[in-house]
Amino acid sequence: MKLDANVTILYPHLDLPQALAAAAADGFTAVECRTPYDHPPEMLAERLAELGLTCVQFNLPAGDWAAGERGNACLPGREAEVREGIETAIRYARIMGCPQLNCLAGLAPAGVDRAVLIETLATNLRHAAARLADAGIRLQLEAVNDRDNPGALIATTAAFEEVHARTGADNLYLQYDFFHMQVMQGDLMRTFARLQPLINHVQIADNPGRHEPGTGEINYGFIFSELRRLGYDRWIGCEYVPAGGVAEGLARWLPMAGYDRPA
């Protein structure tokens, strides 16, 4: 198992190049971010190399974030925008050496039948999965809780499974976020074990508060032990809101998780 820093969440006061440097200073050797598209990919690739960092993943373009959108892949009439975003993401991923991209499905608009939204999402995912497979990049779909994201179309693992079955795509995986799944459904490790063949990436934060492991109700000592027992060897994204300083938080929870440094 390998830990990476979600620099968007861990260092929200810094722009992306500065956040990369902060993650390296805190001992991380790998990072993920919400989106890199405000900066030229060549500059980001150079920055990553200078800092000795691996870019693990980032999201496909997710619509107008400032206006409250949390993805556009489920929205009818936005297919051309989604496809253009896929091509942009592939270009960034190739230049930055990023092996996987995450899709945020989006929020269900009022008055639109859910079946229409699911079919729109499945159609876009089929296209994305094929294009990313051609580029040697894995596609992920994240389930996000609908308490913090009211109207989230994909809010549970059951919703992911429904869409995955509709796409018929081998190159589509579940991004399993323990925080979101604790909010929505609990039964974290049994669900993880059942879906493990479809899980390519996990993210961690505690609940309530979405702070670092050890600050809430989730037994992360057990979770890390079970991940090791189950042979999970992929990335674990630290996507939590630090309760204090990042370094201080790491010093508290890493030993509980069996780590001595966030590498």
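Okay, residues lined up against (1) in contact (Cβ under 8 Å) with a residue 60 or more places away in the chain; (2) touching a Ser or Thr at 6+ places or on another chain (Cβ under 9 Å); (3) among the acidic types (Asp, Glu):
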| position | (1), (2), (3) |
| --- | --- |
| LEU153 | yes, no, no |
| ALA169 | no, no, no |
| GLN185 | no, yes, no |
| GLN203 | yes, no, no |
| ASN219 | no, no, no |
Quick one: which residue in THR157, THR167 is among the polar types (S, T, N, Q), closer than 19 Å to GLY106 by Cα and in contact with a Lys or Arg (Cβ under 7 Å, 6 or more places away or on another chain)?
-> THR167
Among the numbered conditions (1) under 24 Å from ARG94 (Cβ atoms); (2) crowded, with 18+ Cβ neighbours inside 10 Å; (3) small (Gly, Ala, Ser), tell me where ALA133 comes up short.
-> (2)
Residue list for the stretch 207-235, restricted to those being under 19 Å from PRO12 (Cα atoms) and surrounded by 15 or more Cβ atoms within 10 Å (Cβ to Cβ) | ARG210, HIS211, GLU212, PRO213
So which helices (runs of 4 or more DSSP H) are wholly in the stretch 161-263 and hold at least 2 residues that are among the polar types (S, T, N, Q) and touching a Phe, Trp or Tyr at 6+ places or on another chain (Cβ under 9 Å)?
-> none
Exactly one of ASP134, ASP146, ASP113, ASP170 is charged (D, E, K, R), modelled with pLDDT of 95 or more and in contact with a strand residue (DSSP E or B) (Cβ under 7 Å, 6 or more places away or on another chain), and that one is ASP146
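The values are calculated or read from the model by the stated rules, or taken from the named source; none is laboratory data. Since this is a predicted model, take the numbers as computed values, not measurements. Virtual Cβ from ideal backbone geometry, glycine too; neighbours counted across all protein chains shown.
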